[in-house]
Each structure stands twice: as structure tokens, then as C-alpha cells.
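Undergrad: Dropping the structure in here first, questions after.
The values are calculated or read from the model by the stated rules, or taken from the named source; none is laboratory data. Note that the coordinates shown come from a computational prediction; the quantities given were computed from them, not determined experimentally. Cβ atoms come from the backbone with ideal geometry, glycine included; neighbour counts cover every protein chain shown.
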Amino acid sequence: MTVDELVARLDVYFRVAEVRGDSWSAGFEACYPEPYWRDYVEAAYETRWNGLMVRGAWQVERAVTCVFPSDAIIRALEPNSLLFSEHPLDFDEVSLFKPLSRATFERMRADGISFYHVHAPLDMHPEISPSRLVASGLGLEGLEEYGPIAKGISGGACIIGTTDASLDELSKRLQTVVGVDVPVQVVTRPRERAGRVAVVAGGGANVDLLEQSLSRGCSTYVTGGAARRPKHAFFGPKFDAFRALAAKHDIALIDGTHYGTEKPPQFAMVDWFRRLGLDARFEADGPKLAG
């Protein structure tokens, strides 16, 4: 399949042309010591911040999915691969986003490796958003979607539903969903029953999203980034405010890491690529917890 054919299918599936307000410009500026990434990315990338970021060979021979791209993942890719991820930057659960090296961009150029990512369009996808897949894996009932994180497309990044499970039972279900390589932790335990559960996959330690969840009767909040305070002057205080609000309302917090709670869509995309006739696999590279 040609890269143009594959990108066109991906763009339609994720509504890339419609999304607005999902800019990564501040993240790139904060992460990259110099903006060398601009020497390698598609000219249109900075107008949409989603979709095809790096164009490789005209023919795609295989697809590889990941949650966060990394120098290690890209070093392991075969030539003429397309790398699919949710994010355009590497990530550490404590020290947060990290840049890809210039050598990694050179490797993509030399070996015809394409790189395609979708952030809000994946988080808000009606079928395979991480929150929806996690909520389904937890067995929640009466699912409601909310919490848009971009404009131009419908839907939200959060899912809320109900369960009869205890916190320990829910955490065991989450462990099955995210895999044995991911630590799952009941961070706060104001009660034993989970009740009405909000799933905010990824970095959901966010006051605004918690407030939206509280307005829908949330008593348990499942997310990533709720167990470890970020070593970052901007995000550390935001974490503190989130934890304080959760404590004020006696919210049980269950953490499956940013990486872990965003893994399920990457397996769904492996199946999506295979239905197109492409060889596809998921490449693990996390969670990174050392800081």
C-alpha cells in the first residue's frame, strides 16, 4: 500500500481534517533544545498537529503501533515501516515529555520510515478511544462520554459508568486491561465499593476533567499520572490541585499510568492495519517510571 493511500484512510478514520485546537507547539518548544524537528516534518503538520508528521518511502510494507514514540522504538523499525502513535514525543511518567533525537529523524529519512500520530482524534474517537476501551474492559455499564479536549469533532476523552465491583476488583480488571508490565495502584481508598466510575485515560490528573466527572456523580476516578507527582515546575502544582480536589470529595483514585491506560487503542490499531492487509505489531516501550 502506498503511504498516500494509507494516510488518506487514517485521516478519514480519525477526522484529522476537522480537528482544531490540538496544538503541540508549546510542547515541542519546551522539549527540543533546538527546533531541528522542523527540518524533517511535513510542511502541513504545523497547521493541524495531527496526522502524517514524517513522510518515508512511497510504499508502506508494515505498520508498527506504540503509545509514545522513542529513539529505541524507531531504531528497531524495519525500513519502509509506518509508525503509528498517539503522541509525537517520548514520555517519562515522572519527568514527562522528551524529544526525539536528530539521529532518529535522520534514521527515518534514510530508511523510508513514516510517522503518523493522532492525539485528540484518538482520545475522542467513538470506537477506540482509550477511555472507552478501558471502561469496556472494566465492565462498566451505562457508559456516558464527555470531556472534549479539542474542537471541530464530536465526542469526549472521558467515559463514566457504574459497577458493583469493589476497588480491589476494579484494579484487578484494570491490570488485565493494561497488562502485567504496567503497575496498577489503588491510590486513595475512601470506601471499598467503586460505584460510579470515571475513566480518564492518559494523563488525567486534571482539575477540569475531575470537576466534569464530579458533576456526573463520580465516586471513583481511573486514570494515569495520579500516583506520582511530576518533577516539573508547571505540572507539579497542577497535580497537587488535582489530588486536593479528589481528597475534598472523597474520590477513590486508581492509577494505571499514562502509558498503560493508553495502550488498548494501539492493539485495536494493529487489527485495523491487518484488516487492510498490512503486517502490523505493537511495540512496547514503557511505562518509564524512574524519572
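Undergrad: Let me spell it out: the conditions are (1) touching an Asp or Glu at 6+ places or on another chain (Cβ under 8 Å); (2) surrounded by 24 or more Cβ atoms within 10 Å (Cβ to Cβ); (3) among the β-branched types (Val, Ile, Thr), and Val187 meets all of them except one. Which number is the exception?
TA: Going through (1) touching an Asp or Glu at 6+ places or on another chain (Cβ under 8 Å); (2) surrounded by 24 or more Cβ atoms within 10 Å (Cβ to Cβ); (3) among the β-branched types (Val, Ile, Thr) one by one, Val187 breaks only (2).
Residue by residue, here is whether (1) of a type in the set (D, E, K, R); (2) farther than 19 Å from Leu96 by Cα holds:
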position	(1), (2)
Leu167	no, yes
Val197	no, yes
Gly203	no, no
Val207	no, no
Arg228	yes, no
Lys238	yes, no
Phe242	no, no
Ala246	no, yes
Asp250	yes, yes
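A quick yes/no check of all residues on (1) under 15 Å from Leu253 (Cβ atoms); (2) at pLDDT 95 or above; (3) among the β-branched types (Val, Ile, Thr):
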residue: Ala103; (1), (2), (3): no, yes, no
residue: Asp123; (1), (2), (3): no, yes, no
residue: Glu127; (1), (2), (3): no, yes, no
residue: Pro130; (1), (2), (3): no, yes, no
residue: Gly137; (1), (2), (3): no, yes, no
residue: Pro148; (1), (2), (3): no, yes, no
residue: Glu192; (1), (2), (3): yes, yes, no
residue: Val199; (1), (2), (3): yes, yes, yes
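Undergrad: Name every residue in region 106-124 that is assigned to a loop (DSSP other than H, G, I, E, B) and either crowded, with 19+ Cβ neighbours inside 10 Å or hydroxyl-bearing (Ser, Thr, Tyr) (or both), in order of residue number. Working first, answer last.
TA: Keep residues of region 106-124 that are assigned to a loop (DSSP other than H, G, I, E, B), which gives 111-113, 118-119, 124.
Listed by number, the residues that qualify are Gly112, Ile113, Val118, His119, Met124.
Undergrad: List the helices (runs of 4 or more DSSP H) inside region 1-68, counting only whole elements, that have at least 1 residues being outside the structural domain of Pro130 (by TED's automatic domain parsing), among the basic types (Lys, Arg) and surrounded by fewer than 16 Cβ atoms within 10 Å (Cβ to Cβ). Break it down stepwise before answering.
TA: On the way: elements: 3-14, 25-31, 45-48.
The qualifying helices (runs of 4 or more DSSP H) are 3-14.
Undergrad: When region 146-172 is examined, which residues are found to be buried (at least 19 other Cβ atoms within 10 Å of the Cβ) and on the phi > 0 side of the Ramachandran plot?
TA: Across region 146-172, the qualifying residues are Gly147, Gly155.
Undergrad: A further question follows. Are any residues in region 42-97 farther than 27 Å from Arg20 by Cβ, of a type in the set (Ser, Thr, Tyr) and modelled with pLDDT of 95 or more, and if so, which ones?
TA: Answer for region 42-97, where residues must be farther than 27 Å from Arg20 by Cβ, of a type in the set (Ser, Thr, Tyr) and modelled with pLDDT of 95 or more: Ser70, Ser81.
Undergrad: Being hydroxyl-bearing (Ser, Thr, Tyr), over 17 Å from the mean Cα position of the chain (by Cα) and over 30 Å from Pro183 (Cβ atoms) is the requirement here; does Ser101 meet it?
TA: Values: hydroxyl-bearing (Ser, Thr, Tyr): yes; over 17 Å from the mean Cα position of the chain (by Cα): yes; over 30 Å from Pro183 (Cβ atoms): no.
Answer is no for this residue.
Undergrad: Restricting to region 235-271, name every residue that is of a type in the set (Gly, Ala, Ser) and either in a helix (DSSP H, G or I) or more than 22 Å from Pro88 (Cα to Cα) (or both). Explain how you work it out, then say what you get.
TA: Taking region 235-271 as the starting set, the residues that turn out to be of a type in the set (Gly, Ala, Ser) are 236, 241, 244, 246-247, 252, 256, 260, 268.
Residues satisfying the conditions are Gly236, Ala241, Ala244, Ala246, Ala247, Ala252, Gly260, Ala268.
Undergrad: Examine region 272-285 for a residue that is assigned to a loop (DSSP other than H, G, I, E, B), of a type in the set (Lys, Arg) and in contact (Cβ under 8 Å) with a residue 60 or more places away in the chain, and state whether such a residue exists.
TA: Here is the first cut: in region 272-285, the residues assigned to a loop (DSSP other than H, G, I, E, B) are 276-278, 283-285.
Within this subset, residues satisfying the condition of being of a type in the set (Lys, Arg) are none.
Taking every residue of region 272-285 in turn, none turns out to be assigned to a loop (DSSP other than H, G, I, E, B), of a type in the set (Lys, Arg) and in contact (Cβ under 8 Å) with a residue 60 or more places away in the chain.
Undergrad: Of all residues being within 17 Å of Glu283 (Cβ to Cβ) and among the aliphatic types (A, V, I, L, M) in region 87-105, which is surrounded by the most Cβ atoms within 10 Å (Cβ to Cβ)? Just the residue, please.
TA: Here the answer is Leu100.
Undergrad: Sticking with this structure for a sec: Going through region 175-190 one residue at a time, which ones are closer than 16 Å to Tyr259 by Cβ and among the charged types (D, E, K, R)?
TA: Asp181
Undergrad: With the requirement that a residue be among the small types (Gly, Ala, Ser) and surrounded by fewer than 15 Cβ atoms within 10 Å (Cβ to Cβ), what does region 263-278 give you? If you could, list the steps in order and put the result at the bottom.
TA: Taking region 263-278 as the starting set, the residues that turn out to be among the small types (Gly, Ala, Ser) are 268, 277.
Within region 263-278, Gly277 is the sole residue that qualifies.
Undergrad: Looking at this structure, is Tyr45 aromatic (Phe, Trp, Tyr) and out of contact with any Pro (no Cβ under 8 Å at 6 or more places or on another chain)? Break it down stepwise before answering.
TA: Numbers: aromatic (Phe, Trp, Tyr): yes; out of contact with any Pro (no Cβ under 8 Å at 6 or more places or on another chain): yes.
The answer is yes for Tyr45.
Undergrad: Could I ask something else about it? When residues of region 202-234 are filtered for being within 22 Å of Tyr146 (Cα to Cα) and not in a strand (DSSP E or B), how many remain?
TA: Within region 202-234, the first condition is being within 22 Å of Tyr146 (Cα to Cα), and the residues that meet it are 202-226.
Now drop any that are not not in a strand (DSSP E or B), which leaves 204-219, 225-226.
Summing the residues that are within 22 Å of Tyr146 (Cα to Cα) and not in a strand (DSSP E or B) in region 202-234 gives 18.
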